[in-house]
1. Could you check the simple spin-label distance between Met51 and Ala492, using points 7 Å along Cα→Cβ, in nm with one decimal?
2. Output the relative contact order of the chain, whole-number percent, from Cα pairs under 8 angstrom with separation of 6+ residues.
3. Any idea which of Gly131, Ala476, Gly462 is furthest toward the positive side of the dipole for the chain, if Lys and Arg beta-carbons carry +1 and Asp and Glu beta-carbons -1?
4. Computed over the Cα atoms of the chain, what is the convex hull's projected area averaged over all directions, in nm²?
5. Please state the charge dipole magnitude for segment 342-403, taken about the Cα centre, from unit charges on C-beta atoms (+1 on K and R, -1 on D and E), reported in debye and rounded to the nearest 20.
6. Given R₀ = 30 Å, FRET efficiency for Ala468-Cys264 by Cβ-Cβ distance, to 0.05?
7. Work out the charge dipole of segment 188-328 with +1 on the Cβ of Lys and Arg and -1 on the Cβ of Asp and Glu about the Cα centre, then indicate which of Ala327, Leu245, Thr315 is farthest towards its positive end.
8. When the helices in the chain are scored as -39500 (n - 2.57) per DSSP H run of 4 or longer and the sum is shared across all residues, what 222 nm value do you end up with, to the nearest 500 deg cm²/dmol?
Amino acid sequence: MRGDRRTIGDYLRDHAAARADAVALVFEDRETSFGALDRQVSRVANGLAAMGIGAGSRVAFLGRNCDLYFQFWLGAIRAGAVMVPINWRLAPPEVAFVLGDSRPALLLADPEFLAALETPPACPSLLTTDGEEGQSFEAWRDAQSEADPRTDGGYDDVVLQLYTSGTTGHPKGALLTNRSLLGLRDAVPEDALPVWYRWDADDVALVAMPIFHISGSGWGLWSLQHGAKAIIVRDFDPHQVLDLLVQYRITKLMIVPTALRIICDHPRATQTDFSFLDYICYGGSAIPLDLLRQAIGIFGCGFAQMYGMTETAGTITGLPPEDHDVAGNDRMGSVGLPLPGVEIRIFDGDGRELPRGEVGEIAIRSAANMVGYHNRPDATAETIDADGWLRTGDAGRMDADGYVYLADRIKDMIITGGENVYPAEVENAIFSHPQVHDVAVIGVPDPKWGEAVKAIVVPVEGESPDPASIIAWARARIAAYKAPKSVDFVDALPRNPSGKVLRRVLRNRYR
């Protein structure tokens, strides 16, 4: 094992000792070296210890992306505590739920989000990122000793509690350990990892995804783990992202296809030389073929699709650059191959493994799996079985070569005339229609078929598509029974704070 079970704290200490002056974090006009970061992290850990915050305690962060978050998180880890980043897009009652469920001993917040807190907030102590309201985090940090307390937890201790998006009911806090966040890269030799998945100290990564998601916290952490430079973006802004890509010669970018399209459509994109960019990794959905063609023409780098979830600490499969074809191919409909160290099976409803090609529930077993849900033993037992298989709730299949294809969330499956239809498959067929900007598919009650497939479409601005043309478009690409029986048009689809379409809301609306 390359990592020899080193924890997150061990990696930081190693880089600070070997490359103290190398830049670790860049945020706006502030650069922090690995040596300075190591000292700041010790100050945070000592400050937490002075407040009685130690092993197993929770601390929380409510704010936009910034370098102070990583200082706070790594300091909490060095104190043996657990970080709880909170989605700042949540409504006050939702923020209150997360605080009440996690019960942090200390909250660090951007002043702009203090109004989202209960009065008083559900935690005994509060710091702010700029000190305008309440005690300044930086002033509190700098008043502490910079001696390393070395009170980190072990490899299997929890260091991050990330809340799931909660499309139904309250969100659940997924418990991630050092092993969850580091284990996949530590468990195999470097040369056994896919090339697009490797990092080294020469990499420069852009942290543009929200840190309350694994795509933000994890991306920043993996950069620090490998001694690379992380450029942190407070909010996604295409103009700023283009500036930073060029200014810092970014080599690795993690993004969702929707944001990638915004960048590609920016007037400056086609006028910029991006030869320094090695890989664009994307997740959340497949990349439309027209966007891939546009992005390859602009960036000329490798593209890799990543599939994972909060409960798997992020990426557990990847579609490598060589499977991205501007002419299109069957494998581009997949989420790729399992990473080394990841086992994937397709289970039926009774937990039996299905043959290759059959659709069932995707189950994952790997070092990256969470250890459970915070204070939710029943939900943990429903998700992870005695043999360590984590049931994802995603329907999918695996082909003969081991590529994984998503169908949809199990709960969103439509049964029409005795046939199973997965909304994502129908949405993918409709999404390529030139007059469709966005689409969601649901099942609605039908006296003949039990359920009928309905598409809810957001048209391209200025377009007025004909429902019959959309149905015909779908029937030309998927089986007739999967195609929508009806199409409605809306201005926007309901989404949760993480951007996921709330099909439950749509089903209630049409039932």
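Values quoted throughout were computed directly from the atomic coordinates according to the rules given, and no laboratory measurement underlies them. Keep in mind it's a predicted model, so treat the numbers as computed, not measured. When we count neighbours, we look across all protein chains shown, and the Cβ atoms used for this are built from the backbone with ideal geometry, even at glycine.
1. Output for this residue pair reads 3.5 nm.
2. Values: 1045 pairs, mean separation 52.7, N = 511.
Averaging sequence separation for qualifying contacts and normalising by length gives 10 percent for the chain.
3. Ala476
4. 24.0 nm²
5. 160 debye
6. According to the calculation, E is roughly 0.45.
7. With unit charges placed on the Cβ atoms, the residue in question is Leu245.
8. Values: 14 runs with 140 residues, N = 511.
It comes out at -8000 deg cm²/dmol, rounded to the nearest 500.
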